[in-house]
Each structure stands twice: as structure tokens, then as C-alpha cells.
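Student: Mind having a look at this structure? Questions to follow.
The values are calculated or read from the model by the stated rules, or taken from the named source; none is laboratory data. The structure presented is a predicted model; accordingly, all values stated were derived computationally and were not measured. Positions of Cβ are backbone-derived with ideal geometry, glycine not excepted, and every protein chain shown enters the neighbour counts. Please note that ligands, DNA and RNA were not included when accessible areas were found on the heavy atoms of the full protein model with its side chains. Shrake-Rupley method; radii C 1.70, N 1.55, O 1.52, S 1.80 Å.
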Amino acid sequence: MTFAGFDLAPELRDLRDLMARFVREQIVPAERAAGAEAKELPGGVLGELRAKARAAGLWCLEAPQEYGGGGLGAFEMAVLHEEACKHKFAFPHAGGGVFGHSPPVVLYQGSESLIERFVRPTVEHGWTSFTAIAESDGGTDPARAIRTTAVRKGDSYVLTGRKMWITNADRAHYGVIYARTSAGISAFAVETSSAGFRTRPIPVIRDHWPTEVVLDDVVVPAENLIGDEGAGLSLAAGWLVRGRLGYAARAVGIAAEAIRLATEWAIDRETFGAVLASRQSVQWAIADAQISVNAARWLTWEAAWRHDAGEDARLAAAMAKLFATEMAYKTVDAMMQILGGMGVARELPLEHWLRDLRVARLVEGSSEALRMQVARKVIGPAVSGKKADRPA
Ligand SMILES: Cc1cc2nc3c(=O)[nH]c(=O)nc-3n(C[C@H](O)[C@H](O)[C@H](O)COP(=O)(O)OP(=O)(O)OC[C@H]3O[C@@H](n4cnc5c(N)ncnc54)[C@H](O)[C@@H]3O)c2cc1C
């Protein structure tokens, strides 16, 4: 028995290099041209780049092949996400949406009709969607906090309530909304054109603002229920590993790019008669950052590899997401210091990344929720405060 090694398969290396080239040659120049004040790629430019990404074979790579996507596994996506995020508007979507959006994976467990109405068009037409779990009473423990209700009336469900902090609900065709039914939390596909559906932007630290979603007796066909009534949170749990690995890999990519930018600067910038790169404090900051990036990458790759191998990778993915997002936040901050005033200037992407990464430490499993998960595994039942029974 032997370890297969850290080398990537030649086809994956080629795809990674293609992605890196596309980001460097297409997305980064488009972001620069959009100007320092831009908060996202202008619509026309986004459309042009999407067409180019499709033509290059970089479209909806994560969605299953049977629905028109690339069908890539978690490990392949971890490698690609890292490269796809070495640019300014990398959150909440790699490439700023240039590479299309994979449908919410819970929909793959929906009926054939839901696949036809939502999944296939998302890949084919590049639709945006949203996922609405959080409410004003709390996002960390949705099983307790969800108050939105879905009541069965004949062939329909009537959804009533408010969702908080929902990304993309103001620009999506549809979303998956988690609501309380008589059997427990259930998931529904809901079109944003439905009567009684409205959104309100919530200004936050990051440029891509989330929304409050108001559901005023929104009527959806009963077939929009995904899976069984009461199965909503277990369906959502199925997405946790891939979602968290996406965050981890993107954080690794951004941190690596921040190091590259700061290193280029340190090699060139002179103070007190010598380049910054000759100062030990600068060298150590860069060295420590590089070691952290490598550590985060191995955690991410290991979790992705375990997931693809069919193992339960929830704990590994929690560790990777926690470590990588916190590491990237610290790394971008440290690299900003080396860049001086340029580090915080909007001309460079670091200040944008710092704001995005601040949010990344809260969403898709907050750092505290992930630490609780790891602690439960390491410490065991004593985390609940009970002293372990010892044999007499
Ligand atoms: C920009 C943005 C975009 C978002 N997009 C979406 C989206 O698209 N869809 C969606 O459903 N949600 C979304 N969210 C919601 C996000 O998932 C929640 O904000 C997150 O889960 C935390 O929930 P909360 O804000 O209600 O904080 P709370 O649950 O009230 O927790 C407050 C703080 O306490 C910590 N905490 C909680 N319990 C414990 C404990 N036992 N011990 C120690 N610390 C604890 C939490 O980690 C957090 O830091 C988004 C949030 C933001 C800010």
C-alpha cells in the first residue's frame, strides 16, 4: 500500500492552467477597465465573458454532466476554484459569475419536473438562484430559528414569513426556501416572479449586498416541494461538504494571490536605501503566509479527496473551511501592510478581498459553528457539560 502522491493528473493540470490563463487574460483586465469604484463586472462585459468561458469549456463545471454541466468532482473543483478566484470580484461567485452558476444541489433530489423547470435552464441559460435558510431569529441554528411557514392547501403550499441575509434573491430567477411544515422544516423551489414575493437590500461590509426576502402568502404548486416534507435540513446537509470546500479553496486562491502581489511589490519597493524584500520582518511575513496557504490547501485537498472517495468528509470540510477563511483574512491583512498605502487603495483588490473574507468567516458555517463541530468530535460527550461515567 502506498500514498498516491501530491501530483495532479495531467488533464487536471491542463484545466487548471486554462482557468488561470482565462482569469489572468480576461477577467482581471475587465475588472481593471471597470474602474476602482466598480462593485461588480458591468452587465455587458459579464455577458461577453460568459460567452467566452462557455466557448473555452469553463461553464458550470460543478453541475452534473447529465444536466449539461462539467460533472467535476470535489477535488477537481478545489483545484479549479483556487485559480478561478485570483481576481477582485471572486466572492460570492468565482469569476464574478463568469463561469455560470450551478443549481442548488438539493434540487437534484427533486422530481423530474423540478429538474426540467429549474436545473436544466440554470445551466443552459446561466440563471442565478438563491438559497434561503437564515431568518432574523438566527442563522447558526436554523432548526430552532426558522419561523417561515408553508401550509398545504389543495394542490399548493402557501409560504409566509421573512428570510434575512439572502444572497442573490434580488437578481435570481428562483431560489430554494426552507420553511416549517407540519412534518418539520421542508425545502421549496420558489420563483421570484411569484405574487407576494419581494426583496429589500441589506447594506453590509461587502459590495455584494444580501437581501431580506418577504413572503406574503406566496402560493407555489405542491410539486415545488423538494424531497419529502420534513426532510429540508437533511437535504441541506448534503450540500455542506461541497459548499464549504468551495469557500476553502477560494480563500486559498485569494491568499496566494495576495502573497504574489505583495512579493512583487517588496522586490521592487525601496525604503532607506534597500528593497523591502531585504528586510527580515517582510521576509518572515511572506514566509509565514506561504506556509499557511500550503497548510490550508492540504486541508482542503484532503477533505475533497475523502469526499470523492465516498467517505464522510463533513469534519474534514469543516476544518478546511474554518482554517482557510481565517487564514486568508489574516494573510490579506498582512500583505496589505507590506503594500503600504497601495494595500488599502481600491486600485488593488486587497481591500475588497478583506471585506469579502470578513463575511466568509460568518456564512456557510460560521467559524464558531465549525469549531463546535470539531470540538464535539475531539472532546466527545463532555462538550455538553456532563462528566463522563467512570468504571467503579
Ligand atoms: C453577507 C451575508 C450573506 C449571507 N447569505 C446567506 C444566504 O444566501 N442564505 C442564507 O440562508 N443565509 C445567508 N447568510 C446568513 C448567514 O448564514 C448567517 O448570518 C450565519 O449563519 C450566522 O447567523 P446569524 O447572523 O443569525 O448569527 P447568530 O446565529 O445569531 O450567531 C451570532 C454569532 O454567535 C456565534 N454563535 C452562535 N452560536 C454559538 C455558540 N453556541 N457558541 C459560540 N458562538 C456562537 C455565531 O457564529 C455568530 O458569530 C448570509 C449572511 C451574510 C452576512
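Student: Just to confirm, what accessible area per residue do you get for the chain at 1.4 Å probe, in whole Å²?
Tutor: Working: 18950 Å² over 392 residues.
Per-residue value: 48 Å².
Student: What percentage of all Cα-Cα pairs in the range 10-124 are separated by more than 19 Å?
Tutor: For the range 10-124, the fraction of Cα-Cα distances above 19 Å is 46 percent.
Student: So what does the Cα-only Debye profile of the range 128-226 read at q = 0.15, 0.20 Å⁻¹, as log10 I(q)/I(0), no solvent term?
Tutor: For the requested q values the scattering log ratios are -0.52, -0.93.
Student: Moving on. Which ³J(HN,Hα) values in Hz, rounded to whole numbers, follow from the phi angles of the range 340-356 under the Karplus curve 6.51 cos²θ - 1.76 cosθ + 1.60, where θ = phi - 60° and Gly and Pro get x?
Tutor: Per-residue couplings from phi come out as x, x, 5, x, 9, 6, 6, 4, 9, x, 5, 5, 5, 4, 4, 5, 5 Hz.
Student: Any idea how far the Cα center of the range 138-217 sits from the one of the range 338-389, in Å?
Tutor: 25
Student: While we're on this one: Which value, to two decimals, describes the C-alpha radius of gyration of the range 47-92 once divided by 2.2 N^0.38 Å?
Tutor: 1.19
Student: Taking Cα centroids, how far is the range 89-104 from the range 5-50 in Å?
Tutor: So the separation of the two Cα centres works out to 11 Å.
Student: Another question, if that's okay. For the chain, report the % of Cα-Cα distances exceeding 41 Å. Provide the component values of the computation, followed by the final result.
Tutor: Values: 12314 of 76636 pairs.
Pairs farther apart than 41 Å: 16 percent.
Student: When the chain is fully extended, how far beyond the present Cα-Cα distance does Asp333 get from Trp209, taking 0.36 nm per residue of separation?
Tutor: That works out to 42.4 nm of additional length.
Student: Still on this structure, I have one more. Order Lys86, Lys52, Lys321, Lys330, most accessible first, counting only protein heavy atoms with a 1.4 angstrom probe.
Tutor: If we order Lys86, Lys52, Lys321, Lys330 from most to least accessible, we get Lys330, Lys52, Lys86, Lys321.
Student: Return the loop-located trypsin sites (Lys or Arg not before Pro) in the range 117-153 (DSSP other than H, G, I, E, B) with at most 14 other Cβ atoms within 10 Å of their own Cβ; answer none if there are none.
Tutor: Those that pass, being in a loop and sparsely packed, are Arg147.
Student: Using a 1.4 angstrom probe on heavy atoms only, work out the carbon and sulfur share of the accessible area of the range 10-124 in %.
Tutor: With neighbouring chains kept in place, the figure for the range 10-124 is 50 percent.
Student: May I ask for the angle, rounded to the nearest 10°, between helix 367-379 and the longest principal axis of the chain, with both axes built from Cα atoms and the value confined to 0 to 90°?
Tutor: Helix 367-379 sits roughly 90 degrees off the main axis of the chain.
Student: Just the C-alpha atoms of the range 20-69: what Rg/Rh do they give, with Rh taken as the Kirkwood radius?
Tutor: That ratio equals 1.05.
Student: Let me ask something else. When the Kirkwood hydrodynamic radius is evaluated over all pairs of different C-alpha atoms of the range 150-289, what value in angstrom, to one decimal, is obtained? If you can, show how the numbers build up before the last one.
Tutor: Details: mean 1/r = 0.0533 Å⁻¹.
That comes to 18.8 Å for the range 150-289.
Student: Summarise the accessible area of the range 217-304 (1.4 Å probe, protein heavy atoms) by the percent that is carbon and sulfur.
Tutor: The value for the range 217-304 is 57 percent carbon and sulfur by accessible area.
Student: As I understand it, the value is the acute angle between the Cα axis of helix 10-22 and the longest principal axis of the Cα atoms of the chain; what does it come to in degrees, rounded to 10?
Tutor: 80
Student: Angle between the Cα long axis of helix 280-308 and the longest principal axis of the chain, 0 to 90 degrees, nearest 10?
Tutor: Helix 280-308 and the main axis of the chain meet at about 30 degrees.
Student: Next up: Calculated from DSSP H runs of 4 or more alone, at -39500 (n - 2.57) each and per residue, what is the 222 nm mean residue ellipticity of the chain, nearest 500?
Tutor: On the way: 12 runs with 174 residues, N = 392.
Helix-only estimate at 222 nm: -14500 deg cm²/dmol.
Student: Also, I was wondering about something else. Return the sequence-ordered ³J(HN,Hα) values of the range 189-200 in whole Hz as given by the Karplus equation 6.51 cos²θ - 1.76 cosθ + 1.60 applied to θ = phi - 60°, using x for Gly and Pro.
Tutor: 7, 10, 7, 6, 7, 5, 4, x, 9, 8, 10, 9
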